[in-house]
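The values are calculated or read from the model by the stated rules, or taken from the named source; none is laboratory data. All of these numbers come straight from a predicted model, not from anything done at the bench. Neighbour counts run over all protein chains shown; Cβ positions are idealised from the backbone, glycine included. For the accessible areas, the whole protein counts, side chains as well, though only heavy atoms, and no ligand, DNA or RNA atoms are used. Shrake-Rupley method; radii C 1.70, N 1.55, O 1.52, S 1.80 Å.
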Amino acid sequence: MLHDRVLSNRSSRRRLARSRPDLDVAQQRVVADLERDGFSLTSFQDFFSDDALWEEIEQQGNRFVSETEAALAANADALRVRQGKEFVARLHSYGTELGLDDPWFRASASPRLLDVANSYLGLLSKLEYVDVWYSRPQPQEADRVSSQRWHRDFNDRRLVKTFLYLVDVDEGAGPFQYVPGSAPGAAKGDLWPWRPLGENYPPETELERQIAGDGARVFTGPKGTLLFCNTAGFHRGGFATERPRVLATATYSSPASLASLTERSYRFTGPLDALDARTRFALT
Ligand SMILES: O=C(O)CCC(=O)C(=O)O
């Protein structure tokens, strides 16, 4: 893509190369896992070691659950949902204003996470999307729709998404699932290969036939599970059948992706001159 090779990403690659982040062991492990498998599994506590921040995010999640369940009981029309994905209620959705007083936004914009995303992407990344999701249970016999079906994200060949579980997630809560080694360039990268804005949803049964054997990873896990993933590889999730799934999520993309294929979900409201260079770059 012209955008990738020549325009927006070139200077962002150069800027990262000039001052590479100094990663600690936990961060190095995440980047190495992402390179090898396309995902990395850890926990908020192990990655952040920040009890106060975890408590704030937990409270933010609990408030969102109470508000969502009150709205579901009273008037489901009041929920923030997107067309075609009505099974997910969102805390923010698009067009919201966010500052560092929002705890999940603060974690997502932290140097700790940005340094991992930037190292894996090999450039200064953009924090494109930040939200908290409540996936509503649906009948077992319902058809899987949208991101409940296997797909590659259209955003870019390489991107990083984080998923932080805010409830225990078992099979009945619609766990996230991923095909290891399916990111572009990896062993299974050529299965229905990634294309910008391409048809990235192959027939479910065909894909499952192709990956039979090694299969897919199913990420059930306790509250506090933190998953990193290059979702240009095949993934699906949120098909909750017994209990709601609640998670916080963020997306880190290249400047080229944001310039051409994707849209930032929020406007940062805090003072820019208080931020270091990589954070300012990520939020603007
Ligand atoms: O809800 C899920 O587990 C899948 C999410 C997804 O497809 C995505 O964020 O790209």
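Brief remarks follow.
- Filtered residues of the stretch 133-147 (kept if near the ligand (Cβ under 10 Å from one of its atoms) and either buried (at least 22 other Cβ atoms within 10 Å of the Cβ) or more than 22 Å from Leu34 (Cα to Cα) (or both)): Trp133, Ser135, Ser146
- Glu56 fulfils the conditions (1) surrounded by 16 or more Cβ atoms within 10 Å (Cβ to Cβ); (2) farther than 18 Å from Thr249 by Cβ except for a single criterion, (2).
- Selection within the stretch 180-196 - more than 20 Å from the chain's Cα centre (by Cα) and among the aliphatic types (A, V, I, L, M): Ala187, Leu191
- Single residue of the stretch 252-284 satisfying the filter (without any contact (Cβ under 8 Å) to a residue 24 or more places away in the chain and of a type in the set (D, E, K, R)) that is least open to solvent (accessible area, probe 1.4 Å): Arg280
- Residue in the stretch 238-246 that is within 14 Å of the ligand (Cβ to nearest atom), open to solvent by less than 10 Å² (accessible area, probe 1.4 Å) and on the phi > 0 side of the Ramachandran plot present: yes
- Checking each residue in the stretch 189-212 for being part of a loop (DSSP other than H, G, I, E, B) and buried (at least 20 other Cβ atoms within 10 Å of the Cβ) picks out Trp192, Trp194.
- Looking at Gly95, Gly99, Gly84, just one residue is farther than 20 Å from Tyr165 by Cα, in contact with a Ser or Thr (Cβ under 6 Å, 6 or more places away or on another chain) and open to solvent by 40 Å² or more (accessible area, probe 1.4 Å), and that residue is Gly84.
- Within the stretch 157-184, the set of residues being more than 10 Å from the ligand (Cβ to nearest atom), more than 22 Å from Asn9 (Cα to Cα) and surrounded by fewer than 23 Cβ atoms within 10 Å (Cβ to Cβ) comprises Val167, Asp168, Asp170, Glu171, Gly172, Pro180, Gly181.
- Set side by side, the residues Ala89, Ala70 differ, and just one is buried (at least 19 other Cβ atoms within 10 Å of the Cβ) and more than 25 Å from Phe48 (Cβ to Cβ), which is Ala89.
- Only listed residue being open to solvent by less than 10 Å² (accessible area, probe 1.4 Å), touching a helix residue (DSSP H, G or I) at 6+ places or on another chain (Cβ under 6 Å) and part of a strand (DSSP E or B), chosen from Val116, Val130: Val130
- Residue that is nearest to Leu91 (Cα to Cα), among those in the stretch 23-53 that are among the β-branched types (Val, Ile, Thr), part of a helix (DSSP H, G or I) and open to solvent by less than 90 Å² (accessible area, probe 1.4 Å): Val30
- Restricting attention to the stretch 140-184, the residues that are touching a Ser or Thr at 6+ places or on another chain (Cβ under 8 Å), assigned to a loop (DSSP other than H, G, I, E, B) and under 15 Å from Val246 (Cβ atoms) add up to 3.
- Residue within the stretch 214-233 that is modelled with pLDDT under 95, away from the ligand (no atom under 16 Å from the Cβ) and either surrounded by 14 or more Cβ atoms within 10 Å (Cβ to Cβ) or in a loop (DSSP other than H, G, I, E, B) (or both) present: yes
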